[in-house]
Amino acid sequence: MRILIVEDEEKTALQLKRGLSELNITSDVSMNGLDALTLAEKMEYDMILLDVMLPGVDGWEVVKRLRAANDHTPVLFLTARDAVQDRVMGLQLGGDDYMVKPFAFSELTARIQTILRRGHDIQPDVLRVADLEVNFFAFRATRSGKRLDLTQKEFSLLALLMRHSGEVFTRSRIAERIWDMDFGSDMKVVDVHMRNLRAKVDDPFEPKLLHTVRGVGYVLEER
């Protein structure tokens, strides 16, 4: 999962990013509306956490432009503006939910989960391929009923491939989603983590589910 945080208070933005990372959620931070619109156009996000009071282009305008561009990425407003008319405005412009600062981080994660469940393209919390099962919000993976001892990055990598089972992911696309690395970066980190993941997910079990597509990347599927 990848989330865009649009927040001009640096301390708040970093706290959100740190909290999401502990839940195996990758996030990018934008400090103003124009940069947020540029990132939303370039990157593929599962959700946008959007402040209203931003320098230059405010949160209202950001969501208006996103929806006008036919971008239906879920938007959760996080703002100190608590008036009823503000809540109504945010929802009418195309926001999916509205939270008033300060808020409990546990409530934020619950709201994120609820919003993602509404989407027709969002897969359920638990997915299975053969005897491999991944529970995304419990951060648990099992194979043949045995719990897999995965690091945070290994779980994020497995979750990405599980959500797109049967789809081949290039190394650069994996690096972008999991490590926030650009195309020109060294892709060896992807290969190392894939080897480590295979040792835990595939080596002790049959059938093998993690496959290399030579010259392209990796895919998770039952063959």
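The values are calculated or read from the model by the stated rules, or taken from the named source; none is laboratory data. None of the values given here were measured: they were computed from a predicted structure. Quick reminder, even Gly has a Cβ in these numbers, built from the backbone with ideal geometry, and neighbours come from all protein chains shown.
Rundown of residues vs (1) aliphatic (A, V, I, L, M); (2) in the same structural domain as GLU133 (by TED's automatic domain parsing); (3) under 28 Å from ARG18 (Cα atoms), yes/no style:
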position	(1), (2), (3)
ALA159	yes, yes, yes
ASP191	no, yes, yes
VAL201	yes, yes, yes
PRO204	no, yes, no
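Based on what the data block shows, is LEU108 surrounded by 15 or more Cβ atoms within 10 Å (Cβ to Cβ), out of contact with any Cys (no Cβ under 7 Å at 6 or more places or on another chain) and within 25 Å of PHE155 (Cα to Cα)?
yes
A quick yes/no check of all residues on (1) of a type outside the set (S, T, N, Q); (2) surrounded by 13 or more Cβ atoms within 10 Å (Cβ to Cβ); (3) outside the structural domain of LEU54 (by TED's automatic domain parsing):
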{"residue": "ASP71", "(1), (2), (3)": "yes, yes, no"}
{"residue": "THR79", "(1), (2), (3)": "no, yes, no"}
{"residue": "TYR98", "(1), (2), (3)": "yes, yes, no"}
{"residue": "LEU148", "(1), (2), (3)": "yes, yes, yes"}
{"residue": "GLU154", "(1), (2), (3)": "yes, yes, yes"}
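Among residues belonging to segment 1-16 that are crowded, with 19+ Cβ neighbours inside 10 Å and not in a strand (DSSP E or B), point out the one that is nearest to the chain's Cα centre (by Cα).
Among those residues, the one meeting the criterion is MET1.
Checking the condition touching a residue at least 24 places away in the same chain (Cβ under 8 Å) and not assigned by TED's automatic domain parsing to the domain that holds ASN24, which residue from THR170, THR212, THR142 passes?
Sole residue among the options that is touching a residue at least 24 places away in the same chain (Cβ under 8 Å) and not assigned by TED's automatic domain parsing to the domain that holds ASN24: THR170.
Evaluate segment 43-54: report whether one residue or more is modelled with pLDDT under 95, assigned to a helix (DSSP H, G or I) and under 26 Å from GLN113 (Cβ atoms).
no
Can you find even one residue in segment 14-21 that is within 28 Å of ILE174 (Cα to Cα), at pLDDT 90 or above and of a type in the set (Ser, Thr, Tyr)? Reasoning before the result, please.
Taking segment 14-21 first, the residues within 28 Å of ILE174 (Cα to Cα) are 14-21.
Restricting the remaining residues to those that are at pLDDT 90 or above gives 14-17.
Now drop any that are not of a type in the set (Ser, Thr, Tyr), which leaves none.
The answer is no, given that none of the residues of segment 14-21 is within 28 Å of ILE174 (Cα to Cα), at pLDDT 90 or above and of a type in the set (Ser, Thr, Tyr).
Quick one: in segment 23-36, of everything that is crowded, with 19+ Cβ neighbours inside 10 Å and assigned to a helix (DSSP H, G or I), which residue is farthest from the chain's Cα centre (by Cα)?
Going through the qualifying residues, I end up with GLY33.
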